[in-house]
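For reference, the structure is listed below as structure tokens.
The values are calculated or read from the model by the stated rules, or taken from the named source; none is laboratory data. On a predicted model such as this, the values are computed, not experimentally measured, just so you know. FYI the Cβ positions are ideal-geometry reconstructions off the backbone, even for glycines, and counts take in every protein chain you see. Areas reflect the complete protein model, heavy atoms only, side chains present, ligands, DNA and RNA absent. Shrake-Rupley method; radii C 1.70, N 1.55, O 1.52, S 1.80 Å.
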Amino acid sequence: MKIITTAKKLKSYLKKKKSKSVGFVPTMGALHNGHLSLVEMSMMQNDITVVSIFVNPTQFNDKDDLKKYPRNLDQDASLLESVNTTVLFAPSTEEVYPNGMDYKIEVDLKGLDTRLEGEFRPGHFDGVVQVVHRLLEMVKPTNLYMGQKDFQQFSIIGRMIKSLKMKTNLIVHPIIRDKDGLALSSRNKRLTEAKRKWAPLIYLNLLRIKASMETHSVQECIDIATANLSLPLGFKPEYIQVVDGKTLKPITDWKDAKYIVVLAAVWAGNIRLIDNMILKMKKS
Ligand code: AMP
């Protein structure tokens with residue numbers, strides 16, 4: 001595996017390889033099997049796979065979260081090596097933002113960024129759009145791989161690619177979970193033992209909503225899940241929303257959309273966990 005830290009070196013490396021297709025997996029490191037599944041998918045579908053590790057300061061609305069975000073480049077590098085990743089791209093902040101971080105990518109996201117996470121993490125998606133735009137500029141991948149775990153994030157990046165007519169295909173990988181159902185996340189490591197024990201309740205409640213669609217209204221489902229997820233000590237749902245998967249606008253009736261997704265953000269002590277599940281996906 002080649003480790004590259006500058007845009008210039010990456011460009012000349014990719015040029016020399018003359019590969020037919022480049023797959024790209026952007027990450028913030030602290031890699032787990034969720035990330036590695038994206039990498040493996042990219043490895044299967046492309047000649048070259050570039051994985052970036054960059055903890056992007058502009059997407060953290062909470063500075064404490066940025067400070068505490070786990071960083072372990074050596075361990076990440078050996079995990080990437082173990083799945084035969086072609087290139088690990090680990091740029092510095094100066095390399096990613098040579099002209100400073102204080103700018104915004106102007107793109108019409110059709111309100112996708114204002115709902116759900118957008119409501120609770122102001123500025124977060126401006127940072128995500130900014131960094132992915134910049135990374136795509138540097139890597140110029142044929143295929144971009146993102147996880148369904150961050151449903152709103154891939155929706156927004158898909159919109160950005162379309163809107164700005166960028167030449168890359170977005171490929172979304174399903175959520176990888178632990179044996180007990182908890183969606184893998186770099187933040188899981190920071191859960192206390194007791195919080196970790198109860199955290200799979202998020203997934204179980206999403207499953208329960210899916211199983212109750214025939215018998216309960218949208219609001220009833222949300223109310224039951226909200227009550228259940230408030231039960232364990234220190235757990236507090238920030239939102240549980242059932243939305244149209246295309247627009248991310250909340251729906252009130254199961255008949256309101258053909259593509260329906262439930263998304264949840266839950267505080268487990270001082271750790272914020274997110275998860276989601278596709279409830280209905282009918283081809284129109
Ligand atoms: P992050 O390092 O958290 O920014 O994540 C990098 C990429 O990995 C994003 O596209 C995430 O959606 C994806 N990802 C994170 N966790 C999972 C998971 N449990 N299953 C699938 N993809 C994931």
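Observations on the model:
- Radius of gyration over Kirkwood radius for region 234-284, both on Cα atoms: the Rg/Rh ratio is 1.08.
- Backbone amide hydrogens, once placed in the peptide plane, bring Leu273 within less than 5 Å of Val266, Trp267, Ala268, excluding anything fewer than 5 places away on its chain.
- Inter-probe distance in nm under a simple model that places probes 7 Å from Cα toward Cβ, at Glu106 and Lys67: 3.7
- Each of His32, His124 has its accessible area taken with a 1.4 Å probe; listed largest first, they run His32, His124.
- Direction-averaged projected area, Cα convex hull, region 64-132: 6.8 nm², rounded to one decimal.
- For the chain, the residue among Leu279, Pro250, Ile209 whose Cα projects farthest onto the positive side of the dipole built from Cβ charges is Leu279.
- C-alpha long axis of helix 218-228 to longest principal axis of the chain, angle in °: 90
- Restricting region 154-235 to GluC sites (Glu not before Pro) in coil, as DSSP defines it, with at most 12 other Cβ within 10 Å: Glu214
- Expressed as a whole percent, the proportion of Cα-Cα pairs in region 157-278 lying more than 22 Å apart is 41%.
- Two-site label geometry, Lys2 and His216: point separation in nm, points 7 Å out along Cα→Cβ: 5.3
- In range of the label at Thr114: residues from region 53-80 whose backbone nitrogen is under 20 Å from the point 7 Å along Cα→Cβ: none
- Size of electric dipole in the chain: Cβ of Lys, Arg +1 and of Asp, Glu -1, about Cα centre, debye, nearest 20: 940
- Positive dipole terminus of region 2-173, leading residue within Met166, Gly29, Val55 (C-beta point charges): Met166
- Surface listing: Tyr259, Tyr69, Tyr103 arranged by accessible area from highest to lowest gives Tyr103, Tyr259, Tyr69, probe 1.4 Å.
- Taking every alpha-carbon pair under 8 Å whose residues sit at least 6 apart, the chain reaches a relative contact order of 17 percent.
- The slack between Gln45 and Arg208, meaning 0.36 nm per residue of separation minus the straight C-alpha distance, is 55.2 nm.
- Charge dipole of region 186-274 (Cα centre as origin; +1 on each Lys and Arg Cβ, -1 on each Asp and Glu Cβ, all else neutral): 560 debye, rounded to the nearest 20.
- Computed with a 1.4 Å probe on the full set of protein chains, the accessible area for Arg208 sits at about 120 Å².
- Computed about its Cα centre, the charge dipole of region 35-89 is approximately 200 debye, with only Lys, Arg, Asp and Glu carrying charge at their Cβ.
- Heavy-atom surface of region 186-274, accessible at 1.4 Å and reported per residue (Å²): 52
- Taking only protein heavy atoms and a 1.4 Å probe, the accessible area of region 186-274 is 57% carbon and sulfur.
- Percent accessible area from carbon and sulfur atoms, region 6-47, protein chains only, probe 1.4 Å: 54
- Computed on the Cα trace of region 2-173, the radius of gyration divided by the Kirkwood hydrodynamic radius gives Rg/Rh = 0.93.
- Bridge orientation summary for the chain: considering DSSP beta bridges with both residues in this region, about 50 percent are antiparallel.
- Rg over Rh [alpha-carbon atoms, Kirkwood Rh] for region 19-81: 1.04
- Gain on full stretching of the segment that runs from Lys255 to Glu137 - 0.36 nm per residue minus C-alpha separation: 38.4 nm
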